[in-house]
Amino acid sequence: MKPTLFYFRGFEIPLLEKPSEKNTIGGGTFSTQKILTYSNDKPFLPEKNCSFRPNAISTIDPKFRQQLLNMNAPDWYKDGKTTLIQGQNVFYKRSGKGKTLVCIHGFPSSSWDFEAIWPSLTQRFEVIAPDLIGLGRSAKPKQSLTISLQADIIEGLLTKLGIREAHLLAHDLGDTVAQELLARQFEKSSTINWLSCVFLNGGIFPETHRPLLIQKLLLSPLGPLLVNFMSEKSMKKSFTKIFSKAHPPTDEFVHETWMLTIENKGLTMIPKLIRYMVERRTNRERWVRPLENAVVPIRLVNGIEDPISGKHAADRFAEVIPNADIVLLENSGHYPHLETPKEVLQAFFEFHDALEK
């Protein structure tokens, strides 16, 4: 019989050979997204989330245990911080040592999107992941929420933390914010020296962006009215359309994202935030120019099953960007860092390994 291993989101989590009581974590149960256990070489894949008593977790090697304990949203936010930037409360999470990496999440979710790859990223970088204004636990103000504002907040946060240069990892709406930051660098007006950028799925080119019907309606004059009819069920339906069939959104992801969305009257933010689709068209040339001119080293990691910005968007990237660096991920949709985190990390670290040579 082989020693039992947990396979969590593609990562091997080894168990202690001789578990002891001192390793036990007390209180309640622990729910994971998906666990594959091997015993006697026979695989077992639960169809739904599994719960394990603390004494089961106690058998996991301590250096890997934290990977399992950071999986839920309450724990994610428990050790984050909130600071005031330009009059707005900004939540951010900061961990790790090394060069600074800023992770910018997408719409309509939060910095918690990066939790699956967080432990690996923080082993090599000092990682900072803020919640964008209007989302997660950051401020949800009554003012308009522009891409320029989001970029100002990120520059302001890093300046306040004493950081002068950093790498970028961006997704979805975060891609657009990253494009604004890179445009400022190209124009020599940036307050931060950006070193590189890895884009995950997002509407880098407005001409290839294929929004869902609900996104189009939210952008219309009906948007402020429509949000009153949104629900966790409708959010799950939308997420399911854009995740891959092989890796659909978990109930936990949908529920926690919904709860963060509605917090502090957050639904009123949705019609304001989704104006980014209009801004993409208006600023198309300015936001694409830094990519065409390679203002920093850039890689696109693309989940090809994404109907919004999948393979067709990667093809356009290859057409427009000289010497385009693209990694295509099969069985992955709009949220590749949640669906196929191991493959995303491999593509990300290969890119950074090449930068350091």
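The values are calculated or read from the model by the stated rules, or taken from the named source; none is laboratory data. As the structure is a prediction and not an experimental result, all values here were calculated from the model. Counting neighbours? That spans all protein chains shown, and the Cβs are built from the backbone with ideal geometry, glycine included.
Here are the numbers:
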quantity: All positions within the stretch 219-273 that are among the β-branched types (Val, Ile, Thr), under 17 Å from the mean Cα position of the chain (by Cα) and under 27 Å from ALA151 (Cβ atoms); calculated: ILE242, THR257, THR261
quantity: Of all residues making up the stretch 319-343, the number that are part of a helix (DSSP H, G or I), in contact with a strand residue (DSSP E or B) (Cβ under 6 Å, 6 or more places away or on another chain) and of a type in the set (A, V, I, L, M); calculated: 0
quantity: Matching entry among PRO341, PRO336 (being surrounded by 18 or more Cβ atoms within 10 Å (Cβ to Cβ), of a type outside the set (Phe, Trp, Tyr) and either without any contact (Cβ under 8 Å) to a residue 60 or more places away in the chain or more than 30 Å from VAL227 (Cα to Cα) (or both)); calculated: PRO341
quantity: Unique match (being in contact with a Phe, Trp or Tyr (Cβ under 8 Å, 6 or more places away or on another chain) and charged (D, E, K, R)) among GLU126, GLU180; calculated: GLU180
quantity: Which numbered condition VAL198 fails, given (1) in contact (Cβ under 8 Å) with a residue 12 or more places away in the chain; (2) more than 18 Å from the chain's Cα centre (by Cα); (3) within 26 Å of ALA314 (Cα to Cα); calculated: (2)
quantity: Any hit, the stretch 299-314, residues being touching a residue at least 24 places away in the same chain (Cβ under 8 Å), of a type in the set (Val, Ile, Thr) and either surrounded by fewer than 19 Cβ atoms within 10 Å (Cβ to Cβ) or more than 19 Å from ALA116 (Cα to Cα) (or both); calculated: yes
quantity: Residue among ASP315, ASP306 that is modelled with pLDDT of 95 or more, among the acidic types (Asp, Glu), within 29 Å of SER144 (Cβ to Cβ) and out of contact with any Leu (no Cβ under 6 Å at 6 or more places or on another chain); calculated: ASP306
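Per-residue answers, yes or no, for (1) under 21 Å from TRP76 (Cα atoms); (2) in contact with a His (Cβ under 7 Å, 6 or more places away or on another chain):
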site: ALA116; (1), (2): yes, yes
site: LEU121; (1), (2): yes, no
site: ARG124; (1), (2): yes, no
site: ASP131; (1), (2): yes, no
site: GLY134; (1), (2): yes, no
site: SER138; (1), (2): yes, no
site: ALA151; (1), (2): no, no
site: ILE154; (1), (2): yes, no
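Here's the yes/no breakdown for (1) hydrophobic (A, V, I, L, M, F, W, C); (2) assigned by TED's automatic domain parsing to the domain that holds LYS216; (3) surrounded by fewer than 18 Cβ atoms within 10 Å (Cβ to Cβ); (4) within 19 Å of the chain's Cα centre (by Cα):
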residue	(1), (2), (3), (4)
THR100	no, yes, no, yes
SER109	no, yes, no, yes
TRP112	yes, yes, no, yes
GLU115	no, yes, no, yes
PRO130	no, yes, no, yes
LEU149	yes, yes, no, no
LEU161	yes, yes, yes, no
GLU165	no, yes, yes, no
THR191	no, yes, yes, no
